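Colleague: One structure, as structure tokens, below. Some questions next.
The values are calculated or read from the model by the stated rules, or taken from the named source; none is laboratory data. For clarity, every value in this text was computed on a predicted model and none was experimentally measured. Neighbour counts run over all protein chains shown; Cβ positions are idealised from the backbone, glycine included. Surface areas here come from the heavy atoms of the whole protein model, side chains and all, with no ligands, DNA or RNA. Shrake-Rupley method; radii C 1.70, N 1.55, O 1.52, S 1.80 Å.
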Amino acid sequence: MATLSGDRQRQDAQPAFVLHTYPFRETSLVVEVFTRAAGRVGLVARGARRPRSALRGLLMAFQPLLLSWAGKSELRTLHRAEWQGGIPQLQGVGLMCGFYLNELLLKFLARDDPHDTLFTVYQEAIIALAQRLDPAATLRRFEKNLLKELGYALTLDREADTGNPVEPQKRYTYVIERGPVALNGRAEAPVEVTGRTLLDMACDNFTDSVTLAQSKVLMRFLMNHYLDNQELHTRQLLRELQQI
């Protein structure tokens with residue numbers, strides 16, 4: 001719920017997740033949050049680092065919150081946080097995968113750009129990680145949906161140059177912003193996948209081990225392009241754990 005009061009805009013009880021926090025002045029925090037209604041928002045949590053602050057134990061990543069804030073500047077003032085519960089704390093590899101999702105959102109999303117559908121996709125991914133479902137499949141689904149929400153939806157079931165349906169037995173490369181192109185005997189390509197992998201990805205089916213391995217290579221290729229080859233800190237850690 002949004003209300004206007006004088007020259008200040010107030011948002012009340014907005015569903016949100018914390019993406020990142022860092023110290024601000026002596027006792028406060030800057031909190032980067034992803035909200036359903038307003039997208040990514042930067043908030044100042046005044047006094048949140050004080051031992052007796054009511055906010056101190058609430059501003060945790062991967063936990064559903066209702067946040068209330070006010071202000072029109074780049075950093076608004078957080079007034080209230082309510083924990084909604086229902087999602088177990090992430091652990092182990094799932095925790096690192098969650099930090100990877102958060103880093104992607106921080107890199108890709110501009111502030112104050114709402115993405116209601118992406119908020120739901122993110123929440124579902126966090127729940128899947130908390131339930132210890134296949135983390136690699138969870139990441140692939142999220143990456144694919146993230147690109148779609150940002151206007152970079154992947155063509156996976158049609159050949160880019162012919163318009164014909166992708167054939168499961170064929171070898172393909174992927175041309176960015178065009179789609180799959182059959183290799184037709186060409187040995188070298190920046191990325192290579194089978195038609196079966198493309199079709200599996202189109203319907204979010206990552207049960208096949210070949211699909212899972214090839215989709216990881218393809219999505220890394222695409223994400224590197226759209227990130228302009230910026231290194232992701234969490235990707236390096238996950239790579240060491242052989243998860244991404």
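Colleague: Kindly indicate whether any position in the range 98-111 is buried (at least 17 other Cβ atoms within 10 Å of the Cβ) and over 10 Å from the mean Cα position of the chain (by Cα).
Modeller: No: the range 98-111 contains no residue that is buried (at least 17 other Cβ atoms within 10 Å of the Cβ) and over 10 Å from the mean Cα position of the chain (by Cα).
Colleague: Are any of the residues in the range 222-231 farther than 26 Å from Thr120 by Cα and part of a helix (DSSP H, G or I)?
Modeller: no
Colleague: For the range 38-128, which fully contained strands (runs of 3 or more DSSP E) count at least 2 residues that are farther than 28 Å from Leu237 by Cβ? I'd like the intermediate steps shown before the answer.
Modeller: On the way: elements: 39-45, 65-70, 75-83.
Per the criteria, 65-70, 75-83.
Colleague: May I pose another question? Could you grab the pairs with beta carbons closer than 8 Å, sequence gap of 6+ or different chains, first residue in the range 99-114 and aliphatic (A, V, I, L, M), second one open to solvent by 70 Å² or more (accessible area, probe 1.4 Å)?
Modeller: Final answer for the pair search is Leu106/His20.
Colleague: Is there a residue in the range 65-85 that is over 22 Å from Gly42 (Cβ atoms) and modelled with pLDDT under 95? Don't jump to the end; show me each part of the working.
Modeller: Step one: filter the range 65-85 for residues over 22 Å from Gly42 (Cβ atoms), giving 85.
Narrowing further to those that are modelled with pLDDT under 95: 85.
Looking for residues that are over 22 Å from Gly42 (Cβ atoms) and modelled with pLDDT under 95, one finds at least one in the range 65-85, hence yes.
Colleague: Restricting attention to the range 195-207, which residues are surrounded by 14 or more Cβ atoms within 10 Å (Cβ to Cβ) and out of contact with any Ser or Thr (no Cβ under 8 Å at 6 or more places or on another chain)?
Modeller: Across the range 195-207, the qualifying residues are Gly195, Leu198, Leu199, Ala202.
Colleague: May I pose another question? Of everything in the range 55-75, what is closer than 13 Å to Val33 by Cβ and either open to solvent by 30 Å² or more (accessible area, probe 1.4 Å) or within 16 Å of the chain's Cα centre (by Cα) (or both)? Give them in sequence order. Talk me through it step by step, then tell me what you get.
Modeller: So in the range 55-75, the residues closer than 13 Å to Val33 by Cβ come out as 55, 58-69, 75.
Once the filter is applied, which keeps residues that are closer than 13 Å to Val33 by Cβ and either open to solvent by 30 Å² or more (accessible area, probe 1.4 Å) or within 16 Å of the chain's Cα centre (by Cα) (or both), the range 55-75 yields Leu58, Met60, Ala61, Phe62, Gln63, Pro64, Leu66, Leu75.
Colleague: Name the pairs: first residue in the range 118-134 and under 19 Å from Leu106 (Cβ atoms), second residue open to solvent by 50 Å² or more (accessible area, probe 1.4 Å), Cβ to Cβ under 6 Å, at least 6 apart or on different chains?
Modeller: Pairs found: Leu118/Glu149; Phe119/Arg36.
Colleague: While we're here: Being under 30 Å from Leu133 (Cα atoms) and open to solvent by 50 Å² or more (accessible area, probe 1.4 Å): is that true of Gly94 here?
Modeller: No, not satisfied.
Colleague: What number goes with the only condition from (1) surrounded by 18 or more Cβ atoms within 10 Å (Cβ to Cβ); (2) part of a loop (DSSP other than H, G, I, E, B) that Pro190 does not pass?
Modeller: (1)
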